[in-house]
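J.: Mind having a look at this structure? Questions to follow.
The values are calculated or read from the model by the stated rules, or taken from the named source; none is laboratory data. Small disclaimer: the values here were computed from a predicted structure and weren't measured. Cβ atoms come from the backbone with ideal geometry, glycine included; neighbour counts cover every protein chain shown.
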Amino acid sequence: MYDPFMSRAASSLRLTEGQREVLETLVRSRTSEHRLVQRAQVLLLAADGISNVEISEVAGVSRPTVLGWRGQFEAEGLTRFGQVAKGRGRKASIPEEKIAEIVELTLHHKPDGETHWSCRSMAKRVGVSPATVQRVWSARGLKPHLVDTFKISNDPRFEEKLVDVVGLYLNPPDKAVVLAMDEKSQIQALDRTQPSLPLKPGRAGTMTHDYKRHGTTTLFAALNVLTGVVLGQCLPRHRHNEFLTFLKKINREVPRGLAIHLILDNHGTHNHDNVKEWLAKHARKPFVWTASAEDILEKVSRGRVTLQQVQSQN
């Protein structure tokens, strides 16, 4: 502790109200860096006319440090407050050559007998700690344990289908319904062996631990991309006959006077001769594109087709 009457008071440091408010907030902070809190405390004591020697004792820093902080504040105010001067501060403990080696091995090599690098295997290889490897990877966004998958379509008409399908999503035609359709086969139809009891206050809903099987079913579903309404139907098998049944259901439930644009994947049931014959003879012909959503999104993300190209052709 210091006694303000034991030494001559230094000239007071001039602070504006805004500067004092910022420094007082830093002194009270429990999350700011310790050196910033110390520096704010030094400047506030200097503004109160406390001598530099007493300030150094209270703040726990040397007198030259107090003089340096006061001088920088008088010259620059709070403009560069807290910035470490060039050439000062803690020096890097890992050479740049070692960091470059870690990055090079991560990007272009794999450890012997393993699928990817781990922090420990890389640390053992280059002679640093696993924590150092993790910091190098995090700073550069490297994640060798993650793998993104992709598949390039071999359909010669893929570009044409891409423009058509993405165009339907971005700019759907007037007087038409755009449906994105898919099927989920081999769904197990399970039922509990005894009736369940409903939820009520003080008791959770109940069900038996065992069940009985009723075979499998296939869900056909078509999403209206504008309204979000799903048109669905469960059928016993996954063949072109069931697909035709679902097409007829769509044709019945979509209001007359609206064209139907149906977006499908490349499943064989969609290209069956009976399906094509029904589409050719039907009074209201749905427009069918056979292109999967995954391929389309992959194509757009890789920049092979721009959104401007899609919009210009619709």
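J.: List pairs: first in the stretch 100-118 and more than 15 Å from THR132 (Cα to Cα), second in a loop (DSSP other than H, G, I, E, B), Cβ under 6 Å, 6+ apart or cross-chain?
T.: PRO111/TRP117; HIS116/PRO144; HIS116/HIS145
J.: A further question follows. When you scan the stretch 228-244, do you find a residue that is under 35 Å from the mean Cα position of the chain (by Cα), surrounded by 16 or more Cβ atoms within 10 Å (Cβ to Cβ) and at pLDDT below 85, even just one?
T.: No: zero hits.
J.: Okay, moving on. Pick from the stretch 17-50 the residues that are surrounded by fewer than 19 Cβ atoms within 10 Å (Cβ to Cβ) and among the basic types (Lys, Arg): which of them is farthest from GLU74 (Cα to Cα)?
T.: Among those that are surrounded by fewer than 19 Cβ atoms within 10 Å (Cβ to Cβ) and among the basic types (Lys, Arg), it is ARG30.
J.: Taking the criterion of being closer than 30 Å to ILE152 by Cα, basic (Lys, Arg), in a loop (DSSP other than H, G, I, E, B) and at pLDDT below 90, would at least one residue in the stretch 302-313 satisfy it?
T.: So far as the stretch 302-313 goes, yes, one or more of its residues are closer than 30 Å to ILE152 by Cα, basic (Lys, Arg), in a loop (DSSP other than H, G, I, E, B) and at pLDDT below 90.
J.: Just to be sure before I move on: is HIS209 assigned to a loop (DSSP other than H, G, I, E, B), without any contact (Cβ under 8 Å) to a residue 60 or more places away in the chain and under 27 Å from ASN154 (Cβ atoms) in the structure I sent?
T.: no
J.: Among the residues of the stretch 195-233, which ones are in contact with a Ser or Thr (Cβ under 8 Å, 6 or more places away or on another chain) and over 22 Å from VAL177 (Cβ atoms)?
T.: Hits for the stretch 195-233 are SER196, LEU197, GLY205, THR206, MET207, THR208, ASP210, TYR211, LYS212, THR216, THR218.
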